[in-house]
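In what follows, a structure is listed as structure tokens, so that the remarks can point back to it.
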Amino acid sequence: MQESDGLRRRKPLKEKNEEKEQNDRDVEDDAFDSSKSSWAPGTFWFTRVLFLRFLGFIYFTAFFVALQQNIPLIGKDGILPASKHMLMYENYFKNGVWQRLQACPTLLWFVDRNDIDWWLSAMAYAGLVISAFLIAFGASNIFMMFTLWVLYHSIVNVGQTWYGFGWESQLLETGFLAIFFCPLLNLKPYPKNTPTSKVVIYGYLWLIFRIMIGAGLIKIRGDKCWRDLTCMNYHYQTQPVPNPISYFLHQSPNVIHKLETAGNHIIELIVPFFLILPRKLRMLAGALQILFQVILIISGNLSFLNWLTILPSICCFDDASLSWMFSTKSKVEVSRIICMNDIESHRKKRSFSSKFRSFVNFLLFCLITYLSIPVVMNILSSRQAMNRSFDSLRIVNTYGAFGSVTKTRTEVILQGTYDNNPNSDDAVWLEYEFKCKPGNITRRPCIISPYHYRLDWLMWFAAFQNAESNPWFIRLIAKLLENDPNVTKLIENNPFANGKPPKFIRAEHYKYQFTKIGSNAARDGKWWRRKKIGSYLPPVNMKMLEGYLKSRGFDVPRLN
């Protein structure tokens with residue numbers, strides 16, 4: 001009798017469980033049906049997965065560049081050691097680490113700087129591992145995204161002029177917003193309790209708007225050639241690191257160059273306003289922006305800048321427009337989550353975690369709004385600054401590119417000699433060849449995007465100035481005079497690699513131009529023709545640089 005009563009007591013519970021399971025199956029069936037039909041716009045589950053994979057790729061590239069180049073550039077014995085840069089902050093802020101951390105946010109304040117090379121590599125390796133996870137799974141959580149952001153911040157803020165490019169701040173801003181894209185701990189691509197934040201989606205739309213408008217306005221305000229539609233007559237030849245396609249594009253008819261310049265203005269000054277229009281026009285804006293960046297990737301080596309600029313444009317697309325890219329299994333899973341969320345919303349029951357996420361999103365909205373004030377003021381100003389950060393964490397920044405376009409290309413060519421008398425007409429000078437920047441006129445322009453040779457880019461900037469304006473340049477000469485093994489890894493061809501270092505090094509200034517397609521020079525395999533302008537730096541040896549190096553706090557090596 002008691003056993004029978006017990007069975008009767010358990011029967012309702014069993015029926016309840018069966019009913020719940022049946023309801024779950026019904027919801028899943030509904031989800032499967034919805035995966036076959038058209039998706040309702042307005043959700044961003046697939047958008048987040050695609051975005052995180054692409055962001056992982058950008059982070060991976062950035063940390064790989066850091067791993068390959070940080071030791072010779074900012075290592076303990078690098079061209080511009082990070083430790084000496086940090087010492088400057090220590091001497092200025094003597095009241096404690098907090099002030100230094102505010103002025104120069106980096107984890108390196110908390111480590112022994114005698115081991116700075118190890119820590120620079122360790123941060124790069126950690127960044128590579130986490131970003132590889134993003135690529136593989138399209139998923140992350142707040143702690144992983146925060147770690148990536150802090151690691152890259154720690155490198156950029158001690159990177160000095162080597163990390164002085166606008167895309168470093170752009171990656172940090174993109175990475176900061178991505179922290180709030182993800183759940184707290186969950187590492188599933190579709191965390192059912194964490195729908196994609198609309199505040200982050202609109203934050204990225206605001207980012208791409210600022211990037212494009214900033215770039216468009218700085219051009220119109222900065223150089224007459226953008227207004228008379230002639231800038232593209234020069235850009236392909238004079239950009240920092242041309243590629244083989246640049247060679248052919250440069251020689252397009254003038255009418256094509258005018259259309260390119262006009263098209264640039266449309267993309268940067270008109271299309272961004274589509275982002276605040278209805279969904280289809282917003283998607284059109286995203287597609288045009290992505291196409292524009294792909295064209296820029298094809299036409300030159302602008303590091304990972306254009307790849308990075310594609311990222312916020314992904315947020316112009318919702319699940320309804322991206323579902324074709326994902327498997328049926330993924331679509332069923334997301335459909336089921338959407339259905340369950342709809343059921344919970346109809347019940348008007350919100351969990352504590354949901355309410356807390358809404359509060360955090362509200363705070364994020366307030367923060368972005370507040371930090372955008374100086375950015376908007378800068379955009380509206382006739383004295384618009386390009387690629388500027390208004391806070392040390394670089395959360396909201398102003399951007400711009402090619403506010404002026406150089407009309408002629410000049411290159412600094414380094415040469416070394418074993419001769420004791422460098423001024424002799426009989427002295428034999430051998431040229432150093434860099435990884436990617438123009439040098440040997442018969443070498444085909446390289447294709448490296450999204451990789452970034454930082455030294456090659458700085459050599460492009462150096463050609464506009466003089467040697468005394470670039471302390472890193474004098475330090476580079478000193479490193480080459482001792483055949484420093486780390487620094488010479490940044491050079492494609494060191495003519496003194498298998499012997500003693502040169503006794504003297506000089507820098508010559510040349511004007512470079514593309515050869516004409518079909519010309520005799522082109523048929524001879526020459527991509528460039530060059531003409532010497534003059535001396536950039538007269539012949540120097542280590543003894544002549546000794547006073548300068550000591551005044552900068554650098555050790556002077558003793559050469560045999």
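Values as computed for the structure displayed
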| item | result |
| --- | --- |
| Test result for G400, open to solvent by less than 30 Å² (accessible area, probe 1.4 Å), part of a loop (DSSP other than H, G, I, E, B) and of a type in the set (G, A, S) | yes |
| Qualifying residue in the range 109-119 (condition: among the aliphatic types (A, V, I, L, M), assigned to a helix (DSSP H, G or I), within 17 Å of the chain's Cα centre (by Cα) and crowded, with 20+ Cβ neighbours inside 10 Å) | no |
| Odd one out for Q170, checked against (1) at pLDDT 95 or above; (2) under 19 Å from N387 (Cβ atoms); (3) open to solvent by 10 Å² or more (accessible area, probe 1.4 Å) | (3) |
| Residue identified as under 16 Å from the mean Cα position of the chain (by Cα) and not charged (D, E, K, R) among F137, F176, F146 | F176 |
| From the options I441, I448, I474, residue that is touching a Cys at 6+ places or on another chain (Cβ under 7 Å), of a type in the set (A, V, I, L, M) and either buried (at least 19 other Cβ atoms within 10 Å of the Cβ) or in contact (Cβ under 8 Å) with a residue 40 or more places away in the chain (or both) | I448 |
| Every pair of residues 6+ apart whose Cβ atoms lie under 6 Å, when the first sits in the range 166-182 and is more than 14 Å from L205 (Cα to Cα) while the second is open to solvent by 10 Å² or more (accessible area, probe 1.4 Å) and aliphatic (A, V, I, L, M) | W167/L305; F176/I395; I179/I142; C182/I142 |
| Any chance N243 is at pLDDT 95 or above and open to solvent by 70 Å² or more (accessible area, probe 1.4 Å) | no |
| Given (1) surrounded by fewer than 14 Cβ atoms within 10 Å (Cβ to Cβ); (2) within 27 Å of the chain's Cα centre (by Cα), number of the condition F356 does not satisfy | (2) |
| Filtered residue count, the range 499-545, keeping only those that are of a type in the set (G, A, S), under 22 Å from R475 (Cα atoms) and free of Cβ contacts under 8 Å to residues at least 12 places away in the same chain | 1 |
| Odd one out for G127 among (1) assigned to a helix (DSSP H, G or I); (2) open to solvent by 10 Å² or more (accessible area, probe 1.4 Å) | (2) |
| Residue ranges of helices (runs of 4 or more DSSP H) in the range 1-95 with at least 2 members farther than 30 Å from D112 by Cβ and at pLDDT below 55 | 2-36 |
| Only one of N493, N466, N498 that is in contact with a strand residue (DSSP E or B) (Cβ under 8 Å, 6 or more places away or on another chain), more than 30 Å from Y59 (Cα to Cα) and open to solvent by 40 Å² or more (accessible area, probe 1.4 Å) | N466 |
| Number of the exception - A136 against (1) open to solvent by 20 Å² or more (accessible area, probe 1.4 Å); (2) within 27 Å of L205 (Cβ to Cβ); (3) small (G, A, S) | (2) |
| Search result, residues across the range 403-438 that are open to solvent by 50 Å² or more (accessible area, probe 1.4 Å) and in a strand (DSSP E or B) | L430, E431 |
| Residue in the range 304-318 that is of a type outside the set (A, V, I, L, M, F, W, C) and open to solvent by 50 Å² or more (accessible area, probe 1.4 Å) present | no |
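Residues checked against (1) in contact with a Gly (Cβ under 6 Å, 6 or more places away or on another chain); (2) open to solvent by 30 Å² or more (accessible area, probe 1.4 Å); (3) among the aromatic types (F, W, Y):
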| position | (1), (2), (3) |
| --- | --- |
| L481 | no, no, no |
| P485 | no, yes, no |
| T488 | no, no, no |
| F504 | no, no, yes |
| E508 | no, no, no |
| K516 | no, yes, no |
| R523 | no, yes, no |
| K526 | no, yes, no |
| R530 | no, yes, no |
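The values are calculated or read from the model by the stated rules, or taken from the named source; none is laboratory data. These figures come from a predicted structure and were not determined experimentally. Methodologically, a virtual Cβ is constructed for each residue, glycine included, from the backbone with ideal geometry; neighbour enumeration extends over all protein chains shown. Note: areas computed on protein heavy atoms with side chains; ligands, DNA, RNA excluded. Shrake-Rupley method; radii C 1.70, N 1.55, O 1.52, S 1.80 Å.
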